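First the structure, in the form of structure tokens, and then the observations on it.
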Ligand SMILES: Cc1cc2nc3c(=O)[nH]c(=O)nc-3n(C[C@H](O)[C@H](O)[C@H](O)COP(=O)(O)O)c2cc1C
Ligand code: SF4
Ligand code: FES
């Protein structure tokens, strides 16, 4: 990153490796096309237009790029799911719904480097054969929508988008579509329904895998903002060189967003698996607050299962078998999965000993109860039940058996729903009870077993 | 009664509709956003107008309006405040911020429910609601006032003083 300086107080941490966030908080950087072109912008787009499509898809496959939106699915493999016999139009959608609690990365790309996203999208559209693409931006990013639309207009003006781009014969239109405040629009089939002008009810898979049957029932590739940006860099430095960053099967860099009980929360682009959770908390975020000790970490957005401080995790097999404390966990997809959680969206929420677990879980349950789309009974009813039970817990109105009821409700959602929101809402409750049953039980009152709780006291106590 | 949509706005709406060459219905959200921006909230007339514009039955528009928290069927105040209530912001004090904003603006949230999330100050100047994660969790408490975004809002007075006119 020679020759680049960053705004004072916003310099990247020495352990960062900035690729997608190279221009975020950069001194003298702005969102204009001129600035972007001045740094070799759209050169990869020009190059891509001369390449056979399959070559780009193969490069993305070879790079090992895994989706940065939540599931960590290999991007090139997903692109390969478009049926080879397809004769329908293909669409590409950039998922800029960024709504997973704890996640705040895509907003900086939209606000500070929109052309990088457009270039990544254009290359991706060309590779999968899409002539029409949408960027689905959450409603709460009004400024981002304006910035991205301005960037699109500039790119059009320069002939980088539109008809017969740079004489290649390839046409591409990209439009911004704004959401309206619903988390479920981040789920890719809910997003597609929303883009079709409907309630964002997720579709059942199979048959509605977007790559086969997505927008307007045509093959549709949905990728996260960060994922699409990486495509540009894979082309620029080559798949092999790109895959040298990160660790095997967990290649490249990714942005971690840290919030909660640390001294200096923030965003950090790191090589996947090259920093540990301990380094993130103690070095990058300045450690815990004075006099506090660590209680728990939610490592990949609020849907990820919680990790408890003090636990030991057995990961790896055979010669590679190791025991890790929470501090030693390398931040990659596979290790976090082996620890029983997930890398998810990169949102790391740090919880210290000042936070009652019942309060934390209740807050999370409030989110899911508000955001369930309501299509599946276990999710629609279960999310509310989970919230009501933890409301009682916070209000000191729960009985010990409520913990089992709560656990049972979560288990009855998990795996029984149309979309992965079911797991997303059940995992916090399941994991908090599995790891913190004693503390949760200590907030209950045995004398309330079988009692009828006055709902007014409850509502007041829960601050509603 | 029909909706009085200014010519310039209707032109903007017609232009937006062209972004959806495959299906006009896809333009429901953008049309509603533009109408809400103009009129403050979505009225029955706005629903009928949108339906006519996009050649849909009004119920198709109504079901969208009632689903998304981003569309309001009740008039907000001149300044509509959304305070993030999700975990990281709650840890940073967003519930305390909500209390203090309500106290300073005279807003009574006791009648707030899931379906009526907005409370308005007696003078109609401010309205407030809780929002779910606004995607700036490292810099809470986070809130929005109309389209403006605010991070690390620790003090209700200094926020409100920017919206005092
Ligand atoms: C409930 C739910 C919410 C989601 N929210 C988002 C989101 O806000 N942003 C995002 O990129 N992906 C989100 N996803 C994941 C998307 O469904 C999809 O997998 C992703 O956009 C694919 O992009 P990627 O492969 O590049 O990660 C969500 C998934 C679920 C189940
Ligand atoms: S799991 Fe929940 S969010 Fe997903 S479709 Fe079913 S009700 Fe909707
Ligand atoms: S929790 Fe408030 S912005 Fe994410």
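Throughout, read-outs are computed from the coordinates displayed, never taken from laboratory work. Source: prediction; values computed, not measured. Note that we place each Cβ from the backbone using ideal geometry, even for glycine, and neighbour counts take in every protein chain shown.
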Residue A:292-residue A:71 FRET efficiency (beta carbon distance; Förster radius 30 Å; 0.05 resolution): 0.35
Gaussian network model of chain B, Cα within-10 Å springs - most flexible of B:17, B:47, B:128: B:17
Relative contact order (%) - chain B, alpha-carbon pairs under 8 angstrom, separation at least six: 19 percent
DSSP beta bridge pairing in chain B, given as percent antiparallel to the nearest 5: 55 percent
Rounded, prolate or oblate (a/c below 1.5 giving rounded, otherwise prolate when a/b exceeds b/c) for region A:229-328 by Cα gyration tensor: oblate
For region B:79-161, share of DSSP beta bridges that run antiparallel, in % to the nearest 5: 55 percent
Residues residue A:237 and residue A:58, FRET efficiency given R0 of 25 Å [Cβ-Cβ distance, rounded to 0.05]: 0.95
Over region B:79-161, relative contact order from alpha-carbon pairs under 8 Å, at least 6 apart, %: 40 percent
Anisotropy class of region B:7-67 from Cα gyration tensor, a/c 1.5 cut: oblate
Acute angle (nearest 10 degrees) that the helix B:44-54 long axis makes with the longest principal axis of chain B, alpha-carbon atoms: 50 degrees
Rg/Rh for the protein assembly as shown, where both radii come from Cα atoms and Rh is the Kirkwood radius: 0.95
Contact order normalised by residue count of region A:1-128, Cα under 8 Å, 6+ apart, percent: 33 percent
Order of A:176, B:61 - criterion: other Cβ atoms within 10 Å of each residue's Cβ, fewest first: A:176, B:61
Shape call, region B:60-165: gyration tensor on alpha carbons, a/c limit 1.5: oblate
Of all DSSP beta bridges in the protein assembly as shown, antiparallel share, percent nearest 5: 50 percent
Residue order, fewest to most beta carbons within 10 Å, for A:438, B:108: A:438, B:108
Rough spin-label spacing in nm, given labels placed 7 Å along Cα→Cβ, for residue A:317 and residue A:420: 2.3 nm
